[in-house]
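The values are calculated or read from the model by the stated rules, or taken from the named source; none is laboratory data. Being a predicted model, the structure only gives us computed values, none of them experimental. Don't worry about glycine lacking a Cβ; one is built from the backbone with ideal geometry, like all the others, and counts go over all protein chains shown. Areas reflect the complete protein model, heavy atoms only, side chains present, ligands, DNA and RNA absent. Shrake-Rupley method; radii C 1.70, N 1.55, O 1.52, S 1.80 Å.
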Number of protein chains: 2
Amino acid sequence: MTGERDQPDVADLDLGRIFAALAEPMRLKVIMELIRENVSGERSCASFCLPVAKSTLTHHFRVLREAGLISDTDYGNRRGVVLRREDLASRFPSLLQLLDDEAWSRHQLGARLDA
Amino acid sequence: MTGERDQPDVADLDLGRIFAALAEPMRLKVIMELIRENVSGERSCASFCLPVAKSTLTHHFRVLREAGLISDTDYGNRRGVVLRREDLASRFPSLLQLLDDEAWSRHQLGARLDA
């Protein structure tokens, strides 16, 4: 069965819960990657290439969904993830900017380390 | 002995660690209160009137200090807390805005509930 999983409404988004979700390095990396793509396209969970067991991956995406950061659709044989960009921008306008700045800063640092 | 406790340098501020510190409701409340005051003045830990044991209070302020959100000075008979406003603004320009927006939003909600 295909279906979008339960997620909080915009009015119920809680900043403390969002901070808790983003306190974990892999979850923060997923969200920064989605932000940097700057499109509303869907990604598969597997495409993030996180070095963890499937059960841990499932846990991380559940935390992100329950915090309201992503929508998560189950297609049976795979799961699709979309950043809730408009919802987040409407409720916490500076959050996406903060995460985009951080993603850019880490990208720049990575480029310097690779040089 | 009076002394400012160890805290991370600006270059070592880590967003994940800041998110972890702010994921706890009382710690988030302390930081929003300091931001809303919009001054660089020092507050005593006790002045936040948090309904917790002294050991828990000490823990919360240590987490905030170690994340780089506050400076924490030990005066022997009391401890003084200052928001690291300039350091945070220089490293994460959108973070203070995000927290200020949230503090204002909660203030407005409180005002509506009291009306």
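Between A:Thr58 and B:Tyr75, the C-beta separation translates, for a Förster distance of 35 Å, into a calculated FRET efficiency of about 0.10.
In the range A:46-115, which chymotrypsin sites (Phe, Trp or Tyr not before Pro) are in a loop and have at most 15 other Cβ atoms within 10 Å, using DSSP for the loop call?
On the way: sites: A:Phe48, A:Phe61, A:Tyr75, A:Trp104; in loops: A:Tyr75.
Answer by residue number: A:Tyr75.
With the convex hull of the Cα atoms taken as the outline of the protein assembly as shown, the averaged projected area works out to 15.7 nm².
Size of the range A:1-108: Rg and Dmax of its alpha carbons, in Å, are 13.1, 42. Each of A:Leu50 and A:Asp6 was given a label point 7 Å from its Cα along the Cα-to-Cβ line. The distance between the two points is 2.1 nm. With all protein chains in place and a 1.4 Å probe, the accessible surface of chain B carries 51 percent carbon and sulfur.
With all projection directions averaged, the alpha carbon convex hull of the range B:1-60 covers 5.3 nm². Of all DSSP bridge pairs formed entirely within chain B, close to 100 percent run antiparallel. For A:Leu69, no residue whose modelled amide H falls within less than 5 Å of its own remains once neighbours fewer than 5 places apart on the same chain are excluded.
Surface exposure of the protein assembly as shown, expressed per residue as accessible area with a 1.4 Å probe, stands at 53 Å². Shown for the range B:90-108: residues covered by the partner protein chains by 50 Å² or more of accessible area relative to the chain by itself (probe radius 1.4 Å), namely B:Ser94, B:Leu98, B:Glu102. Summed over both chains, the contact between B and A buries some 1500 Å² of accessible surface at a probe radius of 1.4 Å.
Starting from the label point of B:Pro93 at 7 Å along Cα→Cβ, the same points in the other copies fall at 1.6 nm, in ascending order.
Residues of the range A:3-26 that bury at least 40 Å² of accessible area when the other protein chains are present, relative to the chain alone (probe 1.4 Å, heavy atoms, ligands and nucleic acids excluded): A:Leu15, A:Phe19, A:Ala23. Rounded to the nearest 500, the 222 nm mean residue ellipticity of chain B from helices alone is -17000 deg cm²/dmol, with -39,500 (n - 2.57) taken per DSSP H run of at least 4 residues.
Annotation: Cα Rg of the range A:57-115 relative to the compact-globule expectation 2.2 N^0.38 Å equals 1.42.
Between identical copies, the spacing of A:Gly41 label points, each set 7 Å from Cα toward the C-beta atom, reads 5.3 nm from nearest to farthest.
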